[in-house]
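Q: Before I ask anything, here is the structure I am working with.
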Amino acid sequence: MNLIAESIELGDYLNELPVVDFSHESIKQKTTMLFSDEQDDVEKVRIAYEYVRDEISQSLDIESQYVPCKASDVLIYGEGVCFAKANLLAAILRSQTIPTGFCYQRLLIHGNNQNGYALHALNAVFYSISKSLDSPGCSRESERCYWGVFNRRGNFTI
């Protein structure tokens, strides 16, 4: 997978957006619960990633009829598809002034193009020491997920 930055300005990856609404009270409360001043950015990314991965259900896994998109709605309802979970992770990290962007993968459905394609969303997180590709869009029950500073392996084969 080739990562292509839409902008070379890190500040663009800190902006609040309609779906990345980190000034919403529910996100402020969650970040207060998750983080302390003693944690560095790498620890904050790990904590946020594991929280979204493990505590926010994948809407398809739970066969939900409701599919939120906005980060605060994902947090309030406790569920979302990969795009929504990526919005929440971005909101949590951007609230901590950690530049976070979005990546998209075009995936074969059931391994062949006769079944069509799906689009998967994940996050790119910018650190001062490295770049990491993190995907909170899966749950431990349904798929194996990996996280790491130098890890570029997500939920799906690249």
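The values are calculated or read from the model by the stated rules, or taken from the named source; none is laboratory data. Keep in mind it's a predicted model, so treat the numbers as computed, not measured. FYI the Cβ positions are ideal-geometry reconstructions off the backbone, even for glycines, and counts take in every protein chain you see. With ligands, DNA and RNA removed, areas are computed over all heavy atoms of the protein, side chains included. Shrake-Rupley method; radii C 1.70, N 1.55, O 1.52, S 1.80 Å.
Q: Tell me the relative contact order for region 1-122 as a rounded percent, counting alpha carbon contacts under 8 Å between residues six or more apart.
A: Normalised by residue count, the contact order of region 1-122 is 28 percent.
Q: S57's amide H: which non-local residues (gap 5+, or another chain) put their own amide H closer than 5 Å, with H modeled 1.01 Å from N in plane and none for Pro or chain starts?
A: Those qualifying (amide H under 5 Å, at least 5 residues apart or on another chain) are E79, G80.
Q: Under 14 Å from the Cβ of S36, count the other residues' Cβ atoms, weight Lys and Arg +1, Asp and Glu -1, and hand me the total.
A: That sum, taken over residues with Cβ under 14 Å, equals -2.
Q: While we're here: Spelling out what I want: for every residue of region 84-91, take phi, set θ = phi - 60°, compute 6.51 cos²θ - 1.76 cosθ + 1.60 (Karplus), and round to whole Hz; glycine and proline get x.
A: Whole-Hz 3J(HN,Hα) from phi for region 84-91: 5, 5, 5, 4, 5, 4, 4, 4.
Q: Where only protein heavy atoms count, and the probe is 1.4 Å, what is the accessible area per residue for region 37-90 in Å²?
A: Working: 2550 Å² over 54 residues.
Accessible area per residue: 47 Å².
Q: Continuing with this model, one more query. Determine the sum of side-chain charges near L75: Lys and Arg each +1, Asp and Glu each -1, restricted to other residues whose C-beta is under 13 angstrom from that of L75.
A: The answer is -1.
Q: How much net charge surrounds S59 when only other residues with a Cβ under 11 Å from its Cβ are counted (Lys, Arg +1; Asp, Glu -1)?
A: So the surrounding residues net to -2.
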